[in-house]
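No value in this document is a laboratory result; all are computed from the given coordinates. Given the structure is predicted, the values throughout are model-derived calculations rather than measurements. So basically every Cβ, Gly included, is an ideal-geometry build from the backbone, and we count neighbours across all protein chains shown.
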Amino acid sequence: MSRVIVIGLDGATLPVIRKVTEKFELPNLAKMLRQGSSGILESTIPYISPPGWISMVTGTNPGKHGIYDFLRLTKENSLKLVCFNDCQVKALWNILSEHEKKVVIANIPVTYPASQVNGIFISGPFAPKLSAYPKEWERKLIDMGYKQEMLAFEAKTEKFNKESILSQLLSIERSRRYTFTKLLKEEKWDFYMAVFTFPDRSQHFGLDTENFSPFYQILDAFLGDVIAEMGKEDILMIASDHGDSPVSKRILINRWFMERGLLSLKQAKLGQILSNIGLTKEALQSNWLLTNIFSRLSKYIPSLYSLALKLLNFVPSRHGSFDLRRVDFEKSKAFAYGSRPLCFINIISHDPTEHKRLYKLIKDFLLTMKDPARGGKCIKNIYSPNDIYQGPCTKFAPHMIIEPEKEYILDSRYVGNQGMLIEDTGSMRTSHALEGILLAYGDNIRAANNIRAEIVDITPTILHHMGLPVPVNMDGRFLREIFHESSESAKREVIYQHVEKEKEKGGPREELTKQEEDEVKKRLRDLGYL
Ligand SMILES: [Zn+2]
């Protein structure tokens, strides 16, 4: 019986893994790098967690599963939080459960609410609450001190403080390690998958990998437990949803659209007026005299402090948030939205000829965009959904997908002020990249360090290795090159299975309430995703 273990590492890259393995004592990672197959795992476009993880666990591109981002744009032009109910195809755990294989699935992002499986399922980040199957596992998880990241993490409630963030993240990953090990050793499984998120979070908070030695020690010790559990036919994979690369400049794309006359916002509210005269949070906080007088005064009158904090909420940030409710749809042609470092463009016209004309106009405009300071172009690629997606959900894809040049991120969240087109990214020094990591290890896996695979290849490879057919609707392939030529999996032909039509995903669906959705959105903003 061949079993498979996948350890997900959100945002991990090969250069970082190699560097930390050399620098810190990580015997198990070192063994995997030395004896196993390693290389690049290409993510989806856009290279962000939701489409990345969902493509990995379904073997399909976003045109089939329908998940492009954390949020999706509704017909009414509001942004709705994506959850696993939005996934339009079966996931690996559905297929394995149908074949009566036992699964343990823990902490994969965007898998809320928990799926009913033949085994145990724990939903991952961006969930409003702990969600597990069977339901009694929610109680068990609380009892064993398992920390649901969104609920455990309080980034913005304290001062942004490296120590506090590190210790919070560390306690979350420790609680995961404890639970993951218990599941690994005490439960029966044929397929086991668990995700750690520290590589991605270190990037979001601008922390150095140097600070991350304790995190890699946790990972390495856990890998030791996993390897000890493995039989001769079992394989272990480490896979990431996307990579990570340096950035220094932020393109305020909606400001560009405003200055080009493509986007018009409704009459300025108080915040915009304040920001136009230079009264911003940043200006107030950096005014030494003002803060000094204020801190002295608040010593005598403590209530002054809380009053001032409340007032500060009304003062706009220098960047001025982009709010879809302020778009003047009569006068606008397009707007940008979606998570960094890429962005999506929505064209505001239902007339196909006008849509086509605007598409070309915007494309030409974006292709000629130049960084005023550096002079070079800052947009690398402009994709139409049909260029990069295939499947019935392509029609729900954003109208245009824009990829920036190296060092740049596209930021649709702020409109800034007149002339504020490109800015430094400040404390944000890296952002997501296409090239993630794949490591494979086991008696059947050969030693190689030049693997190049796509994220959709993971599921077909797992199915074939476990002796199961691969559904023909999957876009990935069996990664024969990671196996020894003499191994049973490499010698055996891949059997493709015709899929009639995706069965309706039966049963009642647990949707997010408005309050839950707002809560998750707030946390995503705190973490710097939205
Ligand atoms: Zn991610």
Report, in degrees rounded to the nearest 10, the 0 to 90 angle that the Cα long axis of helix 302-312 makes with the longest principal axis of the chain. 80
Quick one: the Cα spread of segment 388-502 along its three principal axes, in angstroms, biggest first? 64, 38, 16
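Past the 38 angstrom mark, what percentage of all C-alpha to C-alpha distances in the chain do you count?
Details: 42238 of 140185 pairs.
In whole percent, the long-distance tail amounts to 30.
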Trypsin sites (Lys or Arg not before Pro) within segment 351-393, DSSP loop, no more than 15 other Cβ atoms inside 10 Å: R374
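I'd like the antiparallel share, as a percent to the nearest 5, of DSSP beta bridges with both residues in the chain. Walk me through the intermediate numbers first.
Details: 37 of 69 bridges.
Beta bridges within the chain, antiparallel portion: roughly 55 percent.
If each residue of separation counts as 0.36 nm, what is the full-extension length gain between E488 and R174 once their alpha-carbon separation is subtracted? Before the final figure, lay out the partial values.
Numbers: separation 314, 0.36 × 314 = 113.04 nm, distance 3.69 nm.
Net length gain for the segment: 109.3 nm.
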Starting from the 7 Å offset along Cα-to-Cβ, what nm value, one decimal, do you get for the label separation of Q418 and K19? 4.3
With R₀ set to 22 angstrom, the calculated FRET efficiency between the beta-carbons of E405 and S384, to the nearest 0.05, is 0.70
Go ahead and collect, in residue order, the members of segment 117-134 whose backbone nitrogen is under 12 Å from a label point 7 Å along the Cα-Cβ direction of N85. none
Working out 0.36 nm times the residue gap between K182 and E229, then minus their Cα-Cα distance, what length gain in nm do you get to one decimal? 15.7 nm
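What order do you get for 49-62, 88-101 when each peptide is scored by the mean count of other beta carbon atoms within 10 Å, highest first? Let's see the in-between values first.
Working: 49-62: 27.9, 88-101: 20.1.
Listed from highest to lowest mean packing, they are 49-62, 88-101.
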Restricting to DSSP H runs of at least four residues, report the calculated mean residue ellipticity at 222 nm for the chain, -39500 (n - 2.57) per run over all residues, nearest 500 deg cm²/dmol. -10500 deg cm²/dmol
On C-alpha positions alone, give me the angle between the axis of helix 162-186 and the longest principal axis of the chain, in degrees, nearest 10. 20
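What size of dipole, in debye to the nearest 20, comes out for segment 126-248 about its Cα centre when the only charges are +1 on Lys and Arg C-beta atoms and -1 on Asp and Glu C-beta atoms? Please report the intermediate quantities before stating the final value.
Numbers: 16 positive and 21 negative charges, 93 e Å.
The calculated dipole for segment 126-248 is roughly 440 debye.
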Taking 0.36 nm per residue of sequence separation and subtracting the Cα-Cα distance, how much length would be gained by fully extending the chain between R480 and D364, in nm to one decimal? 37.5 nm
